């Protein structure tokens, strides 16, 4: 593998390689040495958390980073092309981590430079490292990715993260529950895909409706701005807020995940239950990104 | 010790542990290895100097840093709570250094996360690492913290730094001279404290009034904005500017300190006298913060 | 050598020391260990590329950096003098890399602090590290600096970079072709200098006029703002754009260089010819700056 651009490029075996590498790094069985390695973190869109996770992953392996933010880039202000910026950074760094608001920019970057490129989110398109860390969180808590009962709640229409997750899990024979307001349901093309693959799913409107059947509940935010009518939002909101009182009948292996940042879609009284997993999930992001660096920069031995 | 939140939490023994650790690090007798350690520097308020000092302290021990500034934090902009931001950073870093404008925020942070928290200034409240570096500068130049004659000049009413210093020294039997305009005198609650501990002090209005008695003169800025009347400021100002000509009769061990940045309260003609100590004081800040990292992260052996 | 302020300070032997050190570092024959070393990068003017190059150079040798940008410097906002900022940073770092808009500021800095200072561009004055990387790029591609036929195209009147390059090469018996619009020709004082040193040069107005005689063509940008009349610019522009079709008769050793960022003065169809050298030139900037760190910080053994 030379780049990580889209989950659609990865075979099941490649996904499992990332999972196993992350697990070995977490357990201390593998310690990829990134000393004297440099990652260029090009963040044209702000994302503190993703940026910190990639920076932490490299620095805790002994490597270093340089960060370019859109607004700071005086060369772009001077009229430099995206391709020239990439080619120049490729002279400095060993790997480029790229976040932009433009679909396809990561794949384009991978064509322009001859060092590895990692897509850290390109607009509404793909965010494969988030998908990998979500899968790693699932495998860590459930022991497997296969045959799981996965609830996905929130804005399923526009949510890049949940689309990637559903796509990525679909090779592992899941059962899905999609929980959202009716006008924020999973897009038809995704549901058609699932049907054609014989993957079971049902659509619900209350976050706790069948919670006792779930292995994992993946919560995302329903943004106020999606509602035409603020009153509609206030009415709908409480159907998509997970509260501690809803957790009475859940399975022992049940875990709540969230890509973070959270606003109010998971009540803080959930945080100290054994089911809350979102902060550990953030930590898993570091191990997953260390695995990505290791795979792409030859650190598997 | 798990955190460094306030000088009020420290025993005399703990203060001396920081002093001795800083001295060992400076002399090369102790070299705490911070490789693969990561400090998260959360600076909600700008402070280049404090930020650089903490970053330098970690990097020169082989460790690394990630920096979050208030305005850059897209997660906070998205509505994330302070507690969630802290808990997420705690997944990435080994220690959090926190600077905010809000009193009590550092203690709150220490309750939220299970990694060490260092208070790098929380509003008007506490700045314990400045106090420790000031004490280290005093012990280095005077050989002791005990029984010293300490002048403190400038804005004594609002100056967080001088309050911490006076509080911290009060266990070491000092004699104080407080030098300030009458309306910027040391607050009564601090003077009452000193009286109740039988600590000698007198209040003066001219910076060189009893300078020949002093071991240390700690100068801080009198801000123009404190004066209702600009003319009043111009008249008062020169009483609080230290000039070379005032140093004729000082003791050999006399040293001038300043937390920096200085504006004009110490004339630059003082800089090349043997009494000027403010730039070395900045360097002492690095050793002191290295001692803090060493104590809190288990680097004493 | 304690500082690198201006090419005018360097003897031919010192220039060659930088060249040889850069070559050894690039070939892996010298690996200066910068662990626990810290470079303070003070960039009062934005320059992503120069900043990244200096940061990369230090980090890939195992060292670290702290960066101060003009607008972030809260101490300067509080009224701190440039001299005090420098003296404080000198307590933290092992070397200062300084970029400002003010001529002479780097030399002033070197007088104020007792750690090495590197001039990373001071206004219209000097940019010696760019000159050194240009020389290194020439010696790498031509095998020598002596007796070369060098074309310099673009804004020769205001271009700091080309002035430094012409000055630096003048000790190596070059032949120059200066290619520019008539009102952006090389200043008389530089041409007088060349005449007094018996250095051959001619002034041309078309970029491909005598391209077949050249060993190196150094292209810089002609800025639209230099033209009083926009129509004049449109007419002139194409005379200073290098296109692939112009390269038919060039020598095998011919190379095109550019300080980057480029806008449109080199057509992208030149990029995949064997003559394009501007991206490698950027990489040479890293080796050259590593050589500078090595020379100034005692890393030659």
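Structure data summary
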read-out	value
Distance (nanometres) between label positions extended 7 Å along Cα→Cβ at residue B:78 and residue A:224	1.7 nm
Ellipticity estimate at 222 nm from DSSP helix runs (n ≥ 4, -39,500 (n - 2.57)) divided over chain A, nearest 500	-11500 deg cm²/dmol
Ascending list, in nanometres, of distances separating the residue C:224 label from those of the other copies (7 Å, Cα toward Cβ)	4.1, 4.1
Cβ neighbours within 10 Å from other chains - mean over A:52-63	5
Average Cα contact separation per residue, chain A, under 8 Å, 6 or more apart, as relative contact order %	20 percent
Semi-axis lengths (Å, descending) of the ellipsoid that matches the C-alpha gyration tensor of segment B:1-83	28, 18, 11
Förster radius 25 Å - calculated FRET efficiency between residue C:301 and residue A:36, Cβ distance, rounded to 0.05	0.85
Virtual paramagnetic centre 7 Å along Cα→Cβ of residue A:175, amide N under 17 Å, in segment A:207-223	A:208-218
Point-to-point label distance, residue C:102-residue C:272, nm (Cα→Cβ direction, 7 Å offset)	4.9 nm
For peptides B:45-52, C:227-234, sequence by mean Cβ density within 10 Å, most packed first	B:45-52, C:227-234
Identity and axial distance of the chain B residue whose Cβ lies nearest the axis relating B to A, Å	B:64, 4
Descending semi-axes in whole angstrom, ellipsoid equivalent of segment A:23-153, from the Cα gyration tensor	29, 19, 12
GNM flexibility winner over chain A from A:249, A:63, A:151 (Cα, springs under 10 Å)	A:249
Shortest-first nm distances, residue A:45 label point to equivalent points in other copies (7 Å, Cα→Cβ)	3.5, 3.5
Rounded Å value of the spacing that divides the Cα centres of segment C:12-37 and segment B:1-69	33 Å
Separation between Cα centres of segment A:86-113 and segment C:104-135, rounded to whole Å	32 Å
Compactness relative to 2.2 N^0.38 Å, alpha carbon Rg of chain B	1.02
Label 7 Å beyond Cα on the Cβ vector: residue B:268 copy-to-copy distances, nm	5.0, 5.0
Label-to-label distance, nm, for residues given as residue A:213 and residue C:280 (7 Å Cα→Cβ offset)	6.4 nm
Spin-label proximity, residue A:144 to segment A:253-282 - amide N less than 12 Å from point 7 Å beyond Cα toward beta carbon	none
Centroid-to-centroid separation of segment B:242-258 and segment B:277-301 [C-alpha atoms, Å]	26 Å
For peptides B:239-246, C:37-44, sequence by mean Cβ density within 10 Å, most packed first	C:37-44, B:239-246
R0 of 51 Å, Cβ-Cβ distance residue C:189-residue A:2: FRET efficiency to nearest 0.05	0.45
Estimated FRET transfer efficiency when R0 is 22 angstrom, pair residue A:29-residue A:253 (beta carbons, to 0.05)	0.35
q = 0.05, 0.08 Å⁻¹: log10 I(q)/I(0) that the Debye formula gives for the protein assembly as shown, counting C-alpha atoms only	-0.35, -0.87
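Every number here is computed from the coordinates shown, using simple stated rules; none is lab data. In this text, all values refer to a predicted model and were calculated from it rather than measured experimentally. Positions of Cβ are backbone-derived with ideal geometry, glycine not excepted, and every protein chain shown enters the neighbour counts.
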